[in-house]
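Report on the following structure.
The values are calculated or read from the model by the stated rules, or taken from the named source; none is laboratory data. It should be emphasised that the depicted structure is a prediction, and the values quoted were computed from it without experimental measurement. Quick reminder, even Gly has a Cβ in these numbers, built from the backbone with ideal geometry, and neighbours come from all protein chains shown.
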Amino acid sequence: MKILVTGGAGRLGQRVIKLLSEKGYSVVAFDLPQVNWDPLLSIENVETYQGDITSRDDASEAVKEVEGIIHLAAVLPPMSERDKELTERVNVEGTSNLIAASAENAKILLASSISVYGITEKESPPIKEDHPLAPHNNYSRSKIEAERIVKDSGNPYMILRIAPVSVVDLVELPNVVPYRSNQRVEFVLDEDAAVAIVNGIDWDKDEVFNIAGGKTWQMRGEHYIDRFYDALGVEVDPVYSENYTAVDWYDSSKSRVLSYQETSFMEFEGKLVALAEEMGLR
């Protein structure tokens, strides 16, 4: 089975492609010409296609002979909030181009976002998949529209509403942390999100799933920041958003059929400690 992965050269895309290759899939990695393609060159069974999903011609060429599409490419915040036109062109029109060019029976897996639920701080967690959609910024509007396009396509589909993604890396603290210190937050490790995506392309029913870390990842914003940088052995003085934002605790019970929640938050902390020791930070 040949799978197209848009945004294939990105961090999550690389993980997804490596897992697909290990499972015996043939993969076409689709991304912009100017990105760093080097990490993909050593992975077996991977073709590369350099192009732009906003180009109908590029999309048509990329999807030739593929039986499934994993659509990761997107404009993310904060860029999405600075450039509405670009966000709509990539996140909405790009999705439409892929669907229009794909075979009728090609499976479509869309990487959507928990941001489609809007700001839910006043509600009782966890947030389930049947929660009303609440567009509140350029990014969430574009993801809601992309979901609609996928659902209306007639193709078999899987939509994954992915929580904010954590990585085992020395991540620079932003000038303003994009949530309140007391806000409910839940992340998911990039490695686990990749497993969910790869297992999702095989799922034989049309579904919409929340993808999140699970109970051990559910905490308050300041606890996440404190534990993350404590594990790295780095002192920080965070400034938090004054406003609640679109992150919360999520009900991921439905998505457990994808067998992806492999890493508890405590295990994530252990990975950060190991990285810090390797880098001489501890």
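Worth pointing out:
- Residue tally, condition over 16 Å from the mean Cα position of the chain (by Cα), over 22 Å from Glu207 (Cβ atoms) and not in a strand (DSSP E or B), over the stretch 150-194: 14
- Residues (exposed (fewer than 14 other Cβ atoms within 10 Å of the Cβ) and of a type in the set (D, E, K, R)) located in the stretch 255-282: Arg256, Glu262, Glu267, Glu277, Glu278
- Of all residues in the stretch 198-210, those being touching a residue at least 60 places away in the same chain (Cβ under 8 Å) and within 19 Å of Asp251 (Cβ to Cβ) number 5.
- Hits in the stretch 165-189 (condition: surrounded by 21 or more Cβ atoms within 10 Å (Cβ to Cβ) and closer than 20 Å to Lys271 by Cβ): Ser166, Val185, Glu186, Phe187, Val188, Leu189
- Cross-chain or 6+ apart pairs with Cβ under 6 Å, the stretch 229-248 first and more than 30 Å from Ile127 (Cα to Cα), then hydrophobic (A, V, I, L, M, F, W, C) and surrounded by 15 or more Cβ atoms within 10 Å (Cβ to Cβ): Leu232/Leu272; Leu232/Ala276; Gly233/Ala276
- Any hit, the stretch 98-112, residues being crowded, with 19+ Cβ neighbours inside 10 Å, basic (Lys, Arg) and out of contact with any Pro (no Cβ under 7 Å at 6 or more places or on another chain): no
- Scanning the stretch 1-46 for residues that are outside any loop (DSSP other than H, G, I, E, B), more than 20 Å from the chain's Cα centre (by Cα) and among the polar types (S, T, N, Q) turns up just one, Ser26.
- Looking across the stretch 96-136, just one residue is more than 23 Å from Met219 (Cβ to Cβ) and among the basic types (Lys, Arg), and that is Lys107.
- Filtered residues of the stretch 228-250 (kept if assigned to a loop (DSSP other than H, G, I, E, B), among the charged types (D, E, K, R) and within 21 Å of Asn182 (Cβ to Cβ)): Asp237, Glu242, Asp248
- Pairs are defined by a Cβ separation below 8 Å, a sequence spacing of at least 6 or placement on different chains, a first member in the stretch 1-29 that is at pLDDT 95 or above, and a second member that is hydroxyl-bearing (Ser, Thr, Tyr) and part of a helix (DSSP H, G or I); the pairs so defined are Val27/Ser21.
- Taken as a whole, the structure leaves Val273 outside the set of residues that are among the hydrophobic types (A, V, I, L, M, F, W, C), over 30 Å from Gly68 (Cα atoms) and in a loop (DSSP other than H, G, I, E, B).
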